[in-house]
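The values are calculated or read from the model by the stated rules, or taken from the named source; none is laboratory data. Here the structure is a predicted model, which is why all the values come from computation and not from measurement. In this analysis, Cβ positions are derived from the backbone assuming ideal geometry, glycine residues included, and neighbour counts consider all displayed protein chains. Calculation scope for accessible area: heavy atoms of the full protein, side chains included, ligands and nucleic acids excluded. Shrake-Rupley method; radii C 1.70, N 1.55, O 1.52, S 1.80 Å.
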Amino acid sequence: PEAVIRPGDGNPVEESFCIRVVDGRLPGLIHDVAQLPAGTDVPPTPVQVGGHLSTPIVLKTGETYGTLCCFSAQP
């Protein structure tokens, strides 16, 4: 089937899982998004997210350059 996330796709950073990992609102590894406690700040997504892995890329200066993220539709 057709890919649901394609190279170049994106959304505003303030609406992403990645910024929530960088600022501490979400953990870097989420085995099952549906099992997060009620009230957790999970962003809306255009596709189903079952699992998520993200790690910040931090420069020698201490500045966060971005993140490396992986998503799975299944937990």
### Task
Give me the distance in nm between label points sitting 7 Å out from Cα along the Cα-to-Cβ direction at V58 and C70, one decimal.
2.1 nm
### Task
Identify which of the listed values of Cα extents along the principal axes in Å was calculated from the structure shown: (i) 48, 31, 13; (ii) 29, 24, 18; (iii) 41, 31, 19.
(iii)
## Note on the structure
For the chain the mean separation of alpha carbon contacts under 8 Å (6+ apart) over residue count, i.e. relative contact order in percent, is 28 percent
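Just the number, please: carbon plus sulfur as a percent of the accessible area of the chain, 1.4 Å probe, no ligands or DNA/RNA counted. Don't skip to the end; give the middle numbers.
Numbers: 3210 of 5440 Å².
Here carbon and sulfur together make up 59 percent of the probe-accessible area.
Could you state the accessible area per residue of the chain in Å², with a 1.4 Å probe and every protein chain left in place?
73 Å²
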